[in-house]
Structure formats: C-alpha cells, structure tokens
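Visitor: Sharing a structure below in structure tokens format, with a few things to ask.
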Amino acid sequence: IRSLKLDQNRMSCANLAAIALGLQTNSTIEECTFDFNHIGPAGAKAFAKMLCSNDSITNISFRFNRIGSDGAEGFAKMLRVNKTIKRITLRGNGIGNQGAIAIMKALKENTTVEYIDLSFNEFQGRIVAVALMDLLVSNHTMKVFRLWDNAIGNGAIIAKGLSQNRGLESLYLGKNGIDDDGTTALAVALERNKTLKTICLYQNKIGTKGITALASGLERNFTLENLQIDGCEGDDEDERETAYCAAIKKIDHLLRLNLSGRANIYMNDSSLPHSLWAYVFARVSEQPDVLYSFLQTKPDLFIS
C-alpha cells in the first residue's frame, strides 16, 4: 500500500494518533490524506511528530480539520527536520497569523517541500506579508504556493520577495486585499523574476492603475504564461471599455507571446537552430498578432 486516504470519516484526534503510531514503523506509504475530518490541534501535532522520523511519506493533506495555530506549529517543527515531504496541504484550518508565520519561518530552512497550500486560513496583514517576503527571498525550492482567500494585502512587501526568488513557478494570491499600489509593485517584480509561470490575482482590489502596470511589466517578462485576474467588469462602462480592457487585451497578447516562445525570439544569442524557426512560426500561424510581433522582431529569419 502506497496511499492512505481517509477523507470525510469523522476521524478524531485519538483516531489519528493511533494511525500515526502505526505509521512509525511503516516504510511503504507515500501519501496520506485526511481531508474534512475533526482531527484538531492535538491530532495534527501527533501526526507531525511521527513525520519527524518518517522517511517514506512525501505527500500529506489535512484540508479543513480545525488544526488551528497549535497544529500548524506542530507541522512547522516537523518541516525543520523532515527531508522527504514534498507536498503539504493545510487549506481551511484556521491557523491564523501565528500558525502561518511559524510555517513560513520553517520553510526558510526546508529544501524539499515543492508544493504548499495555506488557502482559507484566516491570516492577514503586514506581519504575514513580511514573513512571506523573507520566505521568498530564502527558499528557491518551492514550486507552488497557494494562499487564496486570506487578507495579506501589502503587495509591495510581497513583491520584494518575488523579485529575488529564483524557484517559484506558481503563486496564488487571489482574494487577499491587494490594491493598485501593491499590484504596481508586483508588476515591477515580474520584470525581474525569471521563473514564475502562473500568478493568480483574482478578486483583489485592482483597478485601471494596477492592471495597466501589470501590462507594462509583462513587456519585459518572457516567462509568465498564466495571469489570473478579473476581467472587464466595473461600474463605469466607459472606463471598462477603454483603459482597463485595453490593458487586459495587452496582457493576453503578451502571455500568448510568451507561450509561443518569445524568450527565444527576443534573445540575441538564441540557441534555437535556424532550421527550427519554421516550426515555431507554424505553431502561431493562427494567431496573427503573435506572428506579426515575431516577424517585426526577427525579420532576418525570412530572408532567403
């Protein structure tokens, strides 16, 4: 058996403690999922303690289990010593600021976790944003970080970390109270970041100023492929149809350029063999705006 899935089983702290005891001597199970139970802080701490000496489990999920800040701190202690966990999901556990900061500090020392989900966890404010910034500066192993529906705000602080990060590929900040100023700072960070492929900014406080800044920042970013943001909805129809929607269209265009290989097109010392460019252009033949942009940049490729 390599996977243990016990979702929605009304498991209590005592139940999980017993399972943790059994897993102490198990060396085959790699995935443990206990979503939507009633495990609580004590159960989470018991399981985390077992993980401190377990070297086979790589994926754990504890979604909506009421582990609170105490349970989160138990997992934080584990993350400082465990060398095998790669994926950890703690969505919807009410861990608050204390729990979130404890986990982020622990991840600064961790070099194995690649995916973590702390969405819907009721943490907020500058103190968490600073912890996130420090984590992004220090940790270049994580690939995916989900933080949906908290209230972190402080986009400018997060941006400082993102601009220095060299490993993250997906960052989910939807519904976090990020305003135009924070979005503008994130746009500048995207000009410097070379690894991020997806960023989610749905349901934030982003208006025309912020969306225009993102469009401008993407002009100098060749790696982002997916920017999730609210579309052309708003109270002012004239503004919606002009500045905001124009920026949305520009973003869509730039992302499609990136997906089509803009990095190779714009690099003077491109390593792509000349003979392969025909295939690149064939891929974008049904996107006239992309093809036109590439032709403007590399006209020499069409000189026989």
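Visitor: Just to be sure, is Ile39 within 24 Å of Gly96 (Cβ to Cβ), β-branched (Val, Ile, Thr) and out of contact with any Leu (no Cβ under 7 Å at 6 or more places or on another chain)?
Guide: It is false that Ile39 is within 24 Å of Gly96 (Cβ to Cβ), β-branched (Val, Ile, Thr) and out of contact with any Leu (no Cβ under 7 Å at 6 or more places or on another chain).
Visitor: Continuing with the same structure: Which number in (1) touching a helix residue (DSSP H, G or I) at 6+ places or on another chain (Cβ under 9 Å); (2) open to solvent by 10 Å² or more (accessible area, probe 1.4 Å); (3) of a type outside the set (D, E, K, R) marks the one condition that Ile152 misses?
Guide: Just one mismatch for Ile152, condition (2).
Visitor: Between a residue in region 14-31 that is more than 14 Å from Lys49 (Cβ to Cβ) and any residue that is of a type in the set (Asp, Glu) and open to solvent by 60 Å² or more (accessible area, probe 1.4 Å), which pairs come within a Cβ distance under 9 Å, given they are 6 or more apart or on different chains?
Guide: Ser27/Asp55
Visitor: Answer yes if at least one residue in region 228-239 is under 23 Å from Asn154 (Cβ atoms) and either of a type in the set (A, V, I, L, M) or at pLDDT 95 or above (or both), and no otherwise.
Guide: Yes, region 228-239 has at least one match.
Visitor: Among the strands (runs of 3 or more DSSP E) confined wholly to region 16-112, which include 2 or more residues that are under 21 Å from the mean Cα position of the chain (by Cα) and buried (at least 17 other Cβ atoms within 10 Å of the Cβ)?
Guide: 59-61, 87-89
Visitor: Which members of region 194-216 meet the condition of being touching a strand residue (DSSP E or B) at 6+ places or on another chain (Cβ under 9 Å) and assigned to a loop (DSSP other than H, G, I, E, B)?
Guide: Those that are touching a strand residue (DSSP E or B) at 6+ places or on another chain (Cβ under 9 Å) and assigned to a loop (DSSP other than H, G, I, E, B): Leu196, Lys197, Leu201, Tyr202.
Visitor: Based on what the data block shows, is Ser138 at pLDDT 95 or above, touching a strand residue (DSSP E or B) at 6+ places or on another chain (Cβ under 8 Å), within 20 Å of Arg87 (Cα to Cα) and open to solvent by 10 Å² or more (accessible area, probe 1.4 Å)?
Guide: no
The values are calculated or read from the model by the stated rules, or taken from the named source; none is laboratory data. Because the structure is predicted, anything quoted here is derived from the model rather than measured. Glycine gets a Cβ as well: all are built from the backbone with ideal geometry, and neighbour counts include every protein chain shown. Note: accessible area is taken over every heavy atom of the protein model, side chains too, but ligands, DNA and RNA are not part of it. Shrake-Rupley method; radii C 1.70, N 1.55, O 1.52, S 1.80 Å.
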